[in-house]
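Q: Structure incoming, see below.
What follows draws every value from the coordinates through simple rules; no lab data is involved. Please read all numbers here as calculations on a predicted model, not as lab measurements. Heads up, the Cβs are rebuilt from the backbone with ideal geometry, glycines too, and the neighbour counts pull from every protein chain shown.
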Amino acid sequence: MSAVILLGWLAAAIMLSAMGIYHVTSGDMPTIQYGILLPILIGAPLTGGFFGKFYIFKAALESKLVWLAALGLLNSAVAAYYYLRILVVMYMQEPGEAALEVQPLPLGLKAALIAPAAGILILGIFPAVLLEFAIRSATST
């Protein structure tokens, strides 16, 4: 799931930087993409990112690797600062002239943004398929 999240995030970032736009308006597709993906990467509660981090930290604490869990929490806090900073710049600052002159996205770019978002929603709504595959893979060795 993390690969799908990062793929979607990078697709939106690459598209915006190629267009020379570093601030978009709140109704643009890349902004919606960021609004979906960044809370997951931060690990906000009730997202896949939260549960992923929770189980990793739980496993580290059960293995008595407290230093590793503390390092992971520190890393998550630093990452949250950077991710939240992106959202602040995108939503809480006035857009520049380049953002006001944005052309509609071509179909290929829309597909590149919609595919990862759809994958995230499908894996979030139906996680059993992925979990069963992981369990079968782990027990087959």
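Q: Can you figure out the FRET efficiency of Ala59 with Val88, using R₀ = 25 Å and their beta-carbon distance, to the nearest 0.05?
A: The computed FRET efficiency comes out at 0.15.
Q: Tell me, what HN-Hα J-couplings in whole Hz come from the Karplus equation 6.51 cos²θ - 1.76 cosθ + 1.60 at θ = phi - 60° for each residue of the range 36-45, using x for Gly and Pro?
A: Result, rounded to whole Hz: 7, 7, 5, x, 5, 5, 5, x, 4, x.
Q: With r as the distance between the Cβ atoms of Tyr81 and Ala115 and R0 = 22 Å, compute the FRET efficiency 1/(1 + (r/R0)^6) and round to 0.05.
A: According to the calculation, E is roughly 0.15.
Q: With labels modelled as points extended 7 Å from the Cα through the Cβ direction, what inter-label distance (nm, one decimal) is found for Phe51 paired with Glu132?
A: The modelled label-to-label distance comes out at 1.6 nm.
Q: Next question, about the same structure. Quick one: Karplus J couplings for the range 47-52, per residue in order, coefficients 6.51, -1.76, 1.60, θ = phi - 60°, nearest Hz, x for Gly and Pro?
A: 10, x, x, 5, 5, x
Q: Please work out the FRET efficiency for the pair Ile14 and Trp67, using the Cβ-Cβ distance as r and a Förster radius of 35 Å; give the result to the nearest 0.05.
A: After rounding to 0.05, the efficiency reads 0.45.
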